[in-house]
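Engineer: One structure is given below, represented as structure tokens, and several questions about it will come after.
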Amino acid sequence: MLGIDSLQSSLTEPDAAEELLSRLSFIFSSEFQSSLHPLSSHLKAVSYREGELSGSIPVSVLSACDAKLGNLCRSLDARIESNPFLSIPLILRAAVRLSELLVVSEEDLWIRRRNPYPSNAMPELANQQSDVTNGPLTEAVYIPFSLNKDVRTIGMNLSFKGYYLDVIAKELGVLNASKVLISRTIGKASSESRLYFSALETRNFNSKLELYNAEESDSDRSFNIYASYLLGQPVYGNAILASVAYTWRGAELFNEDVSLRSYFRMLVARMPDGLFKLSREALFVADLPRLFTTKTNWRGSLPRDLLCAFCRQHRLSEPVFNVVCNSDQDLPGPCKSLANEKSIMGFTSKPGGDVATFIPNQNEVQSFSCEIKVFSKNRNLILESSPVDNFMKQGDAVQNASLKVLSFLNLYFKQPCISLEELSLLGVKCNINCHSTCFLKEFSLCQVMHKVQQQSHLLRGHKLNLNHVNPYNGLISVENKQLSIQGTACGSLPSNGYLVSISYSVFLVSEGKKKQEILEKSDEFEFEIGSGAVISCIETAILQMTAGQSVCFYMGMPQSEVVLAASMNSEKVLSLLSSTPCCLEFSITLLRLTEPFEDRMEQALFSPPLSKQRVEFALQCIKEFSATSLIDFGCGSGSLLESLVDTPSSLENIVGIDISQKGLIRAAKVLNTKLEKLEAVMPRSMIKLAVLYEGSITAFDSRLSGYDIGTCLEVIEHMEEDQACLFGDIALGLFCPRVLVVSTPNYEYNVILQKSNLANQEEDPDDKEPLLCKFRNHDHKFEWTREQFNHWASGLALKYNYSVEFDGVGGIQGVEPGFASQIAVFKRNQQDPLRDSGLSAETENQYKTLWKWDASVS
């Protein structure tokens, strides 16, 4: 399985010990010096060291720079997987056995060749020819173990005739390079950034590092929490983060600057949502989405890639993906009746992370689900995500399962100091089986880091205010107050499924707005409404805007690490943060809107669009039954209610119910504007009362019982089938309107829609999976055939003494395959409703009033 076989070796322990001797002998041979191996350059460079250190190479260099030595050491001691520095004593002991070839200092941690190399075997390095003492400085980040000292940048002069590790040793305050430990590379795969810290701290060789207890840091004053968190294993003493090394690319010393911004971005990348934000270059605006809808609408790194990157960041094995192909009995909706055979087949990931693809029968309709397992480097199972949701595409199953695991990890990283019981409950909530003991052990450093971030700490000698508002939980001033939106409103407002494009700038602003510093900006940033791809307050604002409009608002401070990770000028930002209370200023312009594919398809293939035809059908029902009161179940952003206000009718009282607060806020804005304008020109307008309630349409509120007409247009397919059935019982058994109009897609019509050119344009060009069964919208939980819809509606009508008639829009009655949208019109057969005594009908107000317009008090 992926991520596990890497630890297995065919070498026995004696064989590995002999291979280690052989490898060391080769590294110190004349033949090795002609290679491009980074160690070859190190061996040339140490020849410039003075005195007894001439030719002496630190053992930590051998351990860090030669993968073969590392693998052989892991064969001898599996604990090296968790603590690479345990390979140092193994290399030293092996070198002692090569006494005829090597001289070893086990105390000073260096090895050198006993006899000098032949003159022709040691050419000089190109960048070691002069004694330059005032050359350009290479920038690095100094990370003190003391929280009372500054994390700061330092400049190192590497342009001199000598060994660069001796320069780093001097900055760390140790005698020479042999007393410097070198970590694995940190950050991107191509990065040469490493941590350097003192070997004098004997705890850095502690064989119990892998069993590290987070509580020990409280009593150990030399424990370096920031360096430890960055590396993923405990570090003691001061550390330097630098990007300097000899590489395979040539003999010259490679070096590049590491800024404070780079350092803080590495810290942010340890978070699951941080990886996504960095992939979008939007630390303040982007958020880890809640949903993976379609690959076409996704922006940034894909969930599967993010999960793999997270595991690499935290030194875990690559995640294992098991894709299960489900036959017709597991398919949602009418797909069950389309398959010829019934089977369940397992798909297991290949080494390297690829998911195996196998379609057993081209004529069989399948859905896919995905199980994910995450292991530690030591083969311990940390968590597993069981396959629950089914998807019509294998890729969608993998991406959604990956996103589920990332969301669980993200929740944990927001509150890592939870108990084993709380962690298990969190796993149950996310449908993740978390092996709590192993999980907490792997992420123990996160707990310490969280404690530090919760306390007031010092940065550059100045106390920063950490009593900030967390912007990712929304903003009261945006959610519940009227925004000052600039520009003329024209065109439609966005709603769920819209792809929107914005430009934005984020400023750090001092108290009183006396000073500001730009932190982040984008000329064009796209995201899908309703997927959770941006922080809540931005989506709330966008839902109230049309293309061309702008808005500006303020938010409290996030963690200082995020601010410094975004800033291009750390000095100015640190000065501003340390001198005065600050906040963030967001300036956003909505550039354009792209309607959901389903809406675009309806507009292209139907005239007028299906959405307008459904509204017209509802208006005809209102007129036919002379309804004075209407309740719209699942009103969303208020498209039907908006049309009702625009169209003269007998209605006096209109009510909308929806579970989405953001959609209701958008609806409230539109309705409020239209009703105020209507009142100004028609003081005696028929609409007397309009109310928007937040709540589930499967809950009953006695205030809304007995309305003249109820509507539920294209809503039930977004619910699980059992919930859609429950809604039917609640609507006819408790709300009991005189008339109920329910519409839902006709699954049988999809074959016509999917043959359209527009549908073909929407397909992912990389998707080669054959599909015989597709829903119109990624959020549809089911789509019924006419027979299934008739069965559901007829059963409800009979149960609650209603008659039911079937109709539709987008098609011709009696012509196959029927209407594109099928409609059931329920009519109550008697004046007094037949209520279902078996349903729970609590008299308390179940819904929260979000907005109300009353003509009598306006």
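The values are calculated or read from the model by the stated rules, or taken from the named source; none is laboratory data. Predicted, not measured: the structure shown is a model, and the values here were computed from it. Virtual Cβ from ideal backbone geometry, glycine too; neighbours counted across all protein chains shown. The area values use the complete protein model at the heavy-atom level, side chains included, leaving out ligands, DNA and RNA. Shrake-Rupley method; radii C 1.70, N 1.55, O 1.52, S 1.80 Å.
Engineer: Tell me, what is the per residue accessible area of the range 42-82 in Å², probe radius 1.4 Å?
Structural biologist: Details: 1420 Å² over 41 residues.
Result: 35 Å² per residue.
Engineer: Would you calculate the separation in nanometres between label points at LYS612 and CYS438, each defined as 7 Å from the Cα along the Cα-to-beta-carbon direction?
Structural biologist: 5.9 nm
Engineer: Now, a different point. With a cut-off of 15 Å, note down the residues of the range 741-755 whose backbone N falls inside the zone around a label point 7 Å from the Cα of VAL815 toward its beta carbon.
Structural biologist: Output list for this probe position: 749, 752-753.
Engineer: Check which residues have an amide H placed less than 5 Å from LEU291's amide H, if you skip close sequence neighbours.
Structural biologist: Amide H to amide H, under 5 Å and 5 or more residues apart or across chains, LEU291 pairs with nothing.
Engineer: Cut-off 13 Å, label point 7 angstrom out along Cα-to-Cβ of SER503: give me the residues of the range 589-611 whose amide nitrogen falls inside.
Structural biologist: Under 13 Å, as judged by backbone N against the label point of SER503, lie 589-592 of the range 589-611.
Engineer: Here is a further query. Tell me the volume per residue, in Å³, of the convex hull enclosing the alpha carbons of the range 495-618.
Structural biologist: Measuring per residue, one finds 125 Å³ for the Cα hull of the range 495-618.
Engineer: While we're here: On the protein heavy atoms, probe 1.4 angstrom, tell me the percent of accessible surface of the range 481-525 carried by carbon and sulfur. Don't skip to the end; give the middle numbers.
Structural biologist: Working: 1120 of 2520 Å².
The C+S portion of the solvent-accessible surface of the range 481-525 is 45 percent.
Engineer: So, for the range 485-620, what is the accessible surface per residue at a probe of 1.4 Å, expressed in square angstrom?
Structural biologist: Accessible area per residue: 39 Å².
Engineer: Given a 1.4 angstrom probe, I'd like the percentage of the accessible area of the range 390-432 that is carbon and sulfur, rounded to a whole number.
Structural biologist: On the way: 990 of 1730 Å².
For the range 390-432, the apolar C and S fraction of the accessible surface comes to 58 percent.
Engineer: Quick check: with the 1.4 Å probe, what order do HIS778, HIS37 take by accessible area, largest first? Intermediate results must be reported in sequence, preceding the final value.
Structural biologist: On the way: HIS778 90, HIS37 15 Å².
Sorted descending by solvent-accessible area, the residues read HIS778, HIS37.
Engineer: Continuing with this model, one more query. Pairs to check: LYS68/LYS277; LYS188/LYS404; LYS669/LYS774; LYS377/LYS521. Give those whose C-alpha atoms are more than 29 Å from each other in this structure. Write down the numbers at each step before the final one.
Structural biologist: Working: LYS68/LYS277 36 Å; LYS188/LYS404 24 Å; LYS669/LYS774 35 Å; LYS377/LYS521 39 Å.
Going by Cα-Cα distance, LYS68/LYS277; LYS669/LYS774; LYS377/LYS521 fall outside the 29 Å limit.
Engineer: Would you pull out the residues with amide H under 5 Å of TYR48's amide H, same chain only if 5 or more places away, H placed 1.01 Å from N?
Structural biologist: Placed amide hydrogens put GLY55 under 5 Å from TYR48.
Engineer: Between ALA680 and GLU721, 0.36 nm times their residue separation minus their Cα-Cα distance comes to what? Can you show the working numbers first?
Structural biologist: On the way: separation 41, 0.36 × 41 = 14.76 nm, distance 4.48 nm.
In short, 10.3 nm is gained.
Engineer: Got a number for carbon plus sulfur as a percent of the range 587-743's accessible area, 1.4 Å probe? List each step's numbers first, then the result.
Structural biologist: Numbers: 3050 of 5900 Å².
Accessible surface attributable to carbon and sulfur in the range 587-743 totals 52 percent.
Engineer: Computed FRET efficiency, Cβ-Cβ of SER30 and LEU200, R0 41 Å: what is it to the nearest 0.05?
Structural biologist: On the way: r = 34 Å, r/R0 = 0.82.
Between SER30 and LEU200 the formula returns 0.75.
Engineer: Still on this structure, I have one more. Please give the FRET efficiency for GLU787 paired with SER587, using the beta carbon to beta carbon distance and R0 = 41 Å, rounded to the nearest 0.05. Spell out each step's value before the answer.
Structural biologist: Values: r = 54 Å, r/R0 = 1.32.
In this case the efficiency is close to 0.15.
Engineer: Quick one: accessible surface of TRP298, probe radius 1.4 Å, all protein chains present, in square angstrom to the nearest 10.
Structural biologist: We get 30 Å² for TRP298.
Engineer: Normalised radius of gyration for the range 7-78, please: alpha carbon Rg relative to 2.2 N^0.38 Å, two decimal places.
Structural biologist: Normalised Cα radius of gyration, the range 7-78: 1.22.
Engineer: Leaving out same-chain residues fewer than 8 places away, which lysines sit with a Cα under 18 Å from that of LYS170?
Structural biologist: Filter leaves LYS161, LYS179.
Engineer: Where a ≥ b ≥ c are the square roots of the eigenvalues of the C-alpha gyration tensor, would you call the range 219-312 rounded, which needs a/c under 1.5, or, failing that, prolate if a/b is larger than b/c, or oblate? Working shown, then result.
Structural biologist: On the way: a/c = 2.46, a/b = 1.50, b/c = 1.64.
The shape class here is oblate.
Engineer: Round to the nearest 0.05 the FRET efficiency obtained for SER119 and LYS451 when R0 = 56 Å and r is the Cβ-Cβ distance. Kindly include the intermediate steps, with their values, before the conclusion.
Structural biologist: Values: r = 58 Å, r/R0 = 1.03.
According to the calculation, E is roughly 0.45.
Engineer: Another question, then. Could you compute the net charge surrounding GLU100? Neighbours are other residues with a C-beta less than 15 Å from the C-beta of GLU100; K and R count +1, D and E count -1. Walk me through the numbers before you get to the answer.
Structural biologist: On the way: positive: ARG97, ARG112, ARG113, ARG114; negative: none.
Taking every other residue near GLU100 into account, the sum is +4.
Engineer: Further question: Please list, in chain and number order, the residues 5+ apart from LEU850 or on another chain whose amide H is under 5 Å from its amide H, with Hs placed from the backbone.
Structural biologist: Amide H neighbours of LEU850: LEU692, TYR693, GLU694.
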